[in-house]
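S.K.: Please read through the structure below; I'll follow up with questions.
Taken together, the values in this text are just the output of simple stated rules run on the coordinates, not laboratory data. Quantities reported herein were computed from a predicted structural model and do not represent experimental measurements. FYI the Cβ positions are ideal-geometry reconstructions off the backbone, even for glycines, and counts take in every protein chain you see.
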Amino acid sequence: MQARWAIVGGSGIGGLLEGLAGRPVHIPTPLGMQRGREIELGSERALVVSRHSLGHKTPPHRVNFAAIAWAIRSAGIRHVLATAAVGSLRVDWRPKTLALCTDFIDASGRNLTLFDTRVEHVPFGSPFHWGLNERILEAAGEERLAIEPKAIYVNANGPRYETPAEIEMYRRWGGDVVGMTAGSEAVCMGEAGLSYACLAFVSNLGCGLVEADPNHAEVLEVAHEVGPTILALFQRVIERGAP
């Protein structure tokens, strides 16, 4: 494989990635076969992975985050750009807001690790790679694209949406956005020694912050609108080269 970057997409944008022309790849891992697609982005190649599998079949609590990280690492790739739909914990971050994840709080209860058979304590002072984040902000500035530069991501378990009481608790914890995947993904990417960045897009406000309950249809609608913008931004980052 010639790809030097990986792009991981989830709700909504995963379908956009699936539609890109490229070469299907199957990467065996100790945790199962990981599927992806090697595509061309300008002068570079990238491995794209749909977090929820083809056709959005895998719910967030069943995503094999460890296999994804293992496959990317074994393919010789070291830099990962991801995107994720999130609920906003802030009333001033409305749907379609782009927010760059800088830290996370794990409220999922998942016991995720690549180190089940040996003792390994990986530091997580920078769960989202600062160098990649800087590249994203630089590329966004060139495109005059507004991005919130710092966001604390609260990782819930799902697949249900959060209750109003949970949203209030996450707000008091200092969270900015809530989702079901990026924190878990950051754990496995970090343990695999990969540089990982996640650009989140707000699909809805958290339950209790507005009258209407969140629903998956609005997630897909927002993803359809912002997905091409995010992909174009990632292409610009990749063409700039690794930090």
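S.K.: Using the Kirkwood formula over every pair of different C-alpha atoms, what hydrodynamic radius in Å results for region 34-94?
M.R.: 13.7 Å
S.K.: Just subtract the alpha-carbon distance of SER43 and GLU221 from 0.36 nm times their residue separation and send over the number in nm, one decimal.
M.R.: Working: separation 178, 0.36 × 178 = 64.08 nm, distance 3.05 nm.
Gain on stretching SER43 to GLU221: 61.0 nm.
S.K.: Which residue, chosen from ILE238, ASN111, ALA46, occupies the Cα position most advanced towards the positive end of the dipole of the chain, where the dipole is computed from +1 (Lys, Arg) and -1 (Asp, Glu) charges on Cβ about the Cα centre?
M.R.: ALA46
S.K.: Ok, one more. If you take the Cα Rg of region 1-133 and divide it by 2.2 N^0.38 Å, with N the number of residues, what do you get?
M.R.: On the way: Rg = 15.6 Å, N = 133, 2.2 N^0.38 = 14.1 Å.
Ratio of Rg to 2.2 N^0.38 Å for region 1-133: 1.11.
S.K.: In vacuum, with every alpha carbon of region 51-191 counted as one equal point scatterer, what does the Debye formula give for log10 I(q)/I(0) at q = 0.16, 0.17 Å⁻¹? Two decimals, please.
M.R.: -0.93, -1.05
S.K.: So, one more: So, counting K/R as plus one and D/E as minus one, what does the shell of residues with Cβ under 9 Å around VAL49 add up to? Can you show the working numbers first?
M.R.: Details: positive: ARG35, ARG37, ARG51; negative: none.
Surrounding charge for VAL49 is +3.
S.K.: A further question on this structure: Mean residue ellipticity at 222 nm from the helices of the chain, using -39,500 (n - 2.57) per DSSP H segment of n ≥ 4 over the full residue count, to the nearest 500 deg cm²/dmol? Each step should come with its number before you reach the end.
M.R.: Numbers: 6 runs with 74 residues, N = 243.
Here the helix-only value at 222 nm equals -9500 deg cm²/dmol.
S.K.: When averaged across all projection directions, what area in nm² does the alpha-carbon convex hull of region 123-205 cover?
M.R.: 6.2 nm²
S.K.: Considering only DSSP beta bridges whose two residues both sit in the chain, what percent are antiparallel, to the nearest 5?
M.R.: 35 percent
S.K.: Please compute the length gained on full extension between THR117 and ARG160, using 0.36 nm multiplied by the number of residues separating them and subtracting their Cα-Cα distance. It would help to have the intermediate numbers written out before the result.
M.R.: Working: separation 43, 0.36 × 43 = 15.48 nm, distance 3.18 nm.
Taking THR117 through ARG160 to full extension adds about 12.3 nm, to one decimal.
S.K.: Now for a separate question. Calculate one ³J(HN,Hα) per residue across region 227-239 by plugging θ = phi - 60° into the Karplus curve 6.51 cos²θ - 1.76 cosθ + 1.60, and present them in order as whole Hz with x for glycine and proline.
M.R.: x, x, 5, 5, 5, 5, 5, 4, 4, 5, 4, 4, 5
S.K.: Report, to two decimal places, the Cα Rg of region 5-240 normalised by 2.2 N^0.38 Å (N = number of residues).
M.R.: 0.94
S.K.: In a GNM of the chain with a 10 Å cut-off on Cα contacts, which of ARG45, ARG62, ARG73 has the highest mean-square fluctuation?
M.R.: Between ARG45, ARG62, ARG73, it is ARG62 that shows the largest mean-square fluctuation.
S.K.: Quick one: putting +1 on the C-beta of Lys and Arg, -1 on the C-beta of Asp and Glu, what dipole do you get for the chain around its Cα centre, in Debye to the nearest 20? Let's see the in-between values first.
M.R.: Values: 23 positive and 26 negative charges, 128 e Å.
Dipole magnitude for the chain comes out near 620 debye.
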